[in-house]
Amino acid sequence: MARVIQSILLICVLLGAAAPAAAGPPEAEISSRFIKAKLYLPDPENGYYRATRFDWSGIISSLQYAGHEYFGVWFSRYDPKINDAVTGPAEEFLSADGGLGYDAAKPGGTFIRIGVGVVRKPEEPAYRRFYTYEIVDHGQWNVRQGKDRVEFTHTLASESGYAYVYRKTVRLEKNRPVMVIEHSLRNTGRLPIETMQYNHNFFMIDKLPSGPDVSVVFPFEPKALADLRGRAEVRGRELVFLRPLESRQSVFTELAGFGASARDYDIRIENRKAKAGVRITGDRPLAKLDFWSIPTTVCPEPYISLRIEPGRKSDWKISYEFYTLP
């Protein structure tokens, strides 16, 4: 009997050793002389992020420069279908009604989330930005990787008349500590595409907490449109924290004061304790600017506006220059 039990145990051990490990989320690594970065790749079955809020492409789990880490897990609960269980920078397309064709769709019908797919509209009074909708068509994703870049292409068409080819390239410059995100959105449908697009950023430099060591610098004097509740304030061209944010505390406001030129899409985040910073610049004028922070992350959220007629395309890019402080 003892020998039988030993044989059964041995078989179980061997089977366990032979069983394949559970598939993790697909990733890619890129590098330059200055930067090493890891990106999650879009995948309907195993992707790290599978909710319907953020664009699935270009999600960076780690970026290291000069011994500093700029991104990471800032949230406390992970599930691939939670709307903001995503690392930065993360981008979202937000149409006036929430998604392309949302208002026209009846309950049970469908609408489009750019960079995500065709999703089903339930019975609801209005679009829910933080809700994860059922995806009925993921479209087609194509990913090409090089040593210093990853190119994503998302092709989608729907019976509603909306269709597009969306391309995004995340690349590292050769001679500078700069990461560039290049976008192209071609309208291949019969209806115009009108949307805003923004980057949530989700910076967490060296995982240090949000507090007085952190400042966010603008090329204009921003005006906070919401009460900062004694946790932060605007001083000239800087938004500064007055004290460390505690658990469950946040800072959120829309910011005014920018002009009609792309020169105002120029934002710096600096952490004096880490002695590290990043400069974010875009080649489109700001349409809106929000700021959000909790203890684990600092997030300027710059928006641009897009209107693309059928048969036309629009291009834009965002550059991130990483640097150290004396």
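Beta carbons closer than 6 Å, at least 6 apart along the sequence or on distinct chains, pair a first residue in the stretch 57-84 that is surrounded by 16 or more Cβ atoms within 10 Å (Cβ to Cβ) with a second that is at pLDDT below 95 and not charged (D, E, K, R) for 71/88. From the list 305, 293, 314, 319, the lone residue that is hydroxyl-bearing (Ser, Thr, Tyr) and farther than 29 Å from residue 153 by Cα is 293.
Does residue 305 fit the bill of being of a type in the set (Ser, Thr, Tyr) and either at pLDDT below 95 or buried (at least 20 other Cβ atoms within 10 Å of the Cβ) (or both)?
Working: of a type in the set (Ser, Thr, Tyr): yes; either at pLDDT below 95 or buried (at least 20 other Cβ atoms within 10 Å of the Cβ) (or both): no.
Here the answer is no, as residue 305 does not meet what is asked.
In contact with a Pro (Cβ under 6 Å, 6 or more places away or on another chain), surrounded by 15 or more Cβ atoms within 10 Å (Cβ to Cβ) and over 30 Å from residue 95 (Cα atoms): does that describe residue 209? It would help to see each step written out before you state the result.
Values: in contact with a Pro (Cβ under 6 Å, 6 or more places away or on another chain): yes; surrounded by 15 or more Cβ atoms within 10 Å (Cβ to Cβ): yes; over 30 Å from residue 95 (Cα atoms): yes.
So residue 209 passes the test.
Quick check on my filter: what residues within the stretch 270-317 are part of a strand (DSSP E or B), within 30 Å of residue 191 (Cα to Cα), hydrophobic (A, V, I, L, M, F, W, C) and within 20 Å of the chain's Cα centre (by Cα)?
The answer is 289, 304, 306, 316.
If we scan the stretch 104-112, do we find a residue that is within 25 Å of residue 319 (Cβ to Cβ), assigned to a strand (DSSP E or B) and of a type outside the set (Phe, Trp, Tyr)? The answer is no; no qualifying residue exists.
If you filter the stretch 127-164 down to residues that are in contact (Cβ under 8 Å) with a residue 40 or more places away in the chain and among the aliphatic types (A, V, I, L, M), you find that the one that is nearest to residue 49 (Cα to Cα) is 135.
If you filter the stretch 150-164 down to residues that are at pLDDT 95 or above and surrounded by fewer than 18 Cβ atoms within 10 Å (Cβ to Cβ), you find that the one that is farthest from residue 57 (Cα to Cα) is 161. Exactly one residue among 133, 127 is among the hydroxyl-bearing types (Ser, Thr, Tyr), buried (at least 19 other Cβ atoms within 10 Å of the Cβ) and not in a strand (DSSP E or B), and that residue is 133.
The values are calculated or read from the model by the stated rules, or taken from the named source; none is laboratory data. What you are looking at is a predicted structure, and each value in this text was computed from that prediction instead of being measured. Every residue, glycine among them, receives a Cβ derived from its backbone with ideal geometry; neighbour counts consider all protein chains shown.
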